[in-house]
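The values are calculated or read from the model by the stated rules, or taken from the named source; none is laboratory data. Just so it is clear, the structure is predicted and the values come from calculations on it, not from any experiment. Here the Cβ positions follow ideal geometry from the backbone for every residue, glycine too, while neighbour counts run over all protein chains shown.
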Amino acid sequence: MRRRVYLEVEDIPKYWYNVKADLPFELDPPLDPETEKPIDPEKLHAIFPRELINQEATLDKDIPIPKEVREAYAIYRPTPLVRAVGLEQALKTPAHIYYKNESVSPTGSHKLNTAIAQAYFNKFEGVINLSTETGAGQWGSALAYATKLFDMNVEVFMVKVSFKQKPFRKNMVNLFDGSIHPSPSELTERGKKFLAKDPNTTGSLGMAISEAVEVALKSKNTNYSLGSVLDHVLLHQTVIGLETKKQMEIFGEGPDVLLGCFGGGSNFGGFMLPFFPEKLKNRELEMVACEPVACPSLTNGEYRYDSGDAAGLTPLLKMYTLGRDFVPPPIHAGGLRYHGASPIISRLVHEKLVKAITIDQEEAFKAAKLFSVVEGIIPAPETSHAIAGAIRYAREASKTGEKKVIVFNFSGHGLLDLNAYAV
Ligand SMILES: Cc1ncc(COP(=O)(O)O)c(C=O)c1O
């Protein structure tokens with residue numbers, strides 16, 4: 001039995017796939033928080049390079065991946081697609097289960113796919129300093145690695161509770177010569193305000209974004225970089241799904257269910273959006289976002305315009321949101337503690353083209369433990385939500401006897417999250 005498909009370096013996609021070219025509807029535009037009118041792209045240029053602003057708006061289907069970005073991707077891409085034979089056997093399921101292993105990237109997750117692209121486009125336009133937020137530290141360390149590749153600098157605001165839970169992410173950022181602070185911090189006006197309101201706050205991604213945006217607005221030659229949510233971030237992540245499609249063809253099967261964990265939507269979107277043209281032809285193909293019970297933006301949020309950060313500095317995005325002031329409980333899956341959701345995925349959920357489910361920490365942990373034992377890779381707590389979702393579908397297939405093909409995105413490993421596994 002074939003257990004995994006590796007592709008060649010030449011198979012790294014040459015274009016990112018822009019689903020907006022194929023959507024049967026137009027998305028609601030981002031709004032200026034001051035005027036509540038569609039935002040002037042010139043305003044975004046204060047913190048983003050022009051190319052990323054163009055990518056955010058374009059309806060072109062195929063967006064060329066620059067040679068320099070493909071060369072950096074070749075350090076770890078293409079990533080393998082693996083048949084989870086051990087998991088199938090443990091579950092005694094007739095389903096075939098596959099996972100796309102994004103944990104093989106140098107910093108351990110899919111986040112590098114957009115970190116490299118964002119660092120490159122900023123450098124190309126002469127910006128050498130970036131500021132950013134990070135939840136569990138996967139994004140911050142990916143951007144630190146990417147900025148080091150392109151000889152740039154990065155300043156990272158890491159959500160305070162995760163900063164304490166995952167101390168080695170700080171070391172990793174420092175190793176790549178980035179600076180990193182627990183957020184909220186005394187280093188920014190917004191940080192001071194959040195601390196004045198609640199000195200013991202755990203922090204949230206929304207607060208850390210506010211701090212990073214403030215730094216970009218106030219510092220010279222500094223742009224802001226976001227690790228999820230925005231359309232250009234999902235666009236860069238489509239290398240995951242584009243490779244998966246090719247690999248499924250080599251396996252000789254097509255998916256019945258595609259699953260990914262859901263924080264802001266970047267790994268899930270990058271994984272399933274390239275299958276969207278198939279979904280339009282075959283409504284039976286299920287696309288399932290797995291979010292934590294503790295932060296259920298897609299399943300329990302309101303679909304409306306809201307700010308991407310806690311202080312209201314970012315453009316307003318039409319999305320499912322729990323409200324920008326929502327501070328989720330300090331679950332281990334720090335990367336899933338975001339109040340909002342990608343506008344593209346939000347709309348697909350709203351149109352019932354994508355389904356969202358919730359997984360609690362215990363179910364995620366059990367899934368992670370089983371996967372570690374039978375597949376030999378310890379997942380990130382975020383990724384465990386996708387595994388738990390896949391296991392639910394596999395168990396259902398055992399009941400009905402259906403030979404479902406279940407494919408999920410393994411967004412990252414948990415080797416720097418081992419505190420979460422202390423029992
Ligand atoms: C390993 C991993 N998976 C998933 C996520 C969630 O983010 P997104 O929904 O943007 O993929 C994160 C975020 O930090 C992460 O570190």
Which of the strands (runs of 3 or more DSSP E) found entirely inside region 62-104 contain at least 2 residues meeting this: within 21 Å of A146 (Cβ to Cβ)?
62-64, 96-101
Counting just the residues of region 359-412 that are in a loop (DSSP other than H, G, I, E, B) and charged (D, E, K, R), which one comes out nearest to the chain's Cα centre (by Cα)?
D360
Report yes if S225 is within 17 Å of the chain's Cα centre (by Cα) and among the hydroxyl-bearing types (S, T, Y), otherwise no.
yes
E211 vs. criteria more than 16 Å from the ligand (Cβ to nearest atom) and over 30 Å from V405 (Cβ atoms)
yes
So in region 285-324, with the set limited to residues that are acidic (D, E), touching a residue at least 24 places away in the same chain (Cβ under 8 Å) and more than 16 Å from the ligand (Cβ to nearest atom), which one is farthest from F410 (Cα to Cα)?
D306
Scanning region 364-382 for residues that are within 16 Å of the ligand (Cβ to nearest atom) and of a type in the set (G, A, S) gives A364, A367, A368, S372, A380
Which one of Y76, Y99 is among the aromatic types (F, W, Y) and within 14 Å of the ligand (Cβ to nearest atom)?
Y99
Filtering region 329-358 down to residues that are more than 15 Å from the ligand (Cβ to nearest atom) and either in a helix (DSSP H, G or I) or at pLDDT 95 or above (or both) yields R347, H350, E351, K352, L353, K355
Only one residue in G191, G264 is touching a residue at least 12 places away in the same chain (Cβ under 8 Å) and within 16 Å of the ligand (Cβ to nearest atom). Which one?
G264
Output the residue which, of all residues in region 121-173 that are at positive phi and touching a residue at least 60 places away in the same chain (Cβ under 8 Å), is surrounded by the fewest Cβ atoms within 10 Å (Cβ to Cβ).
G126
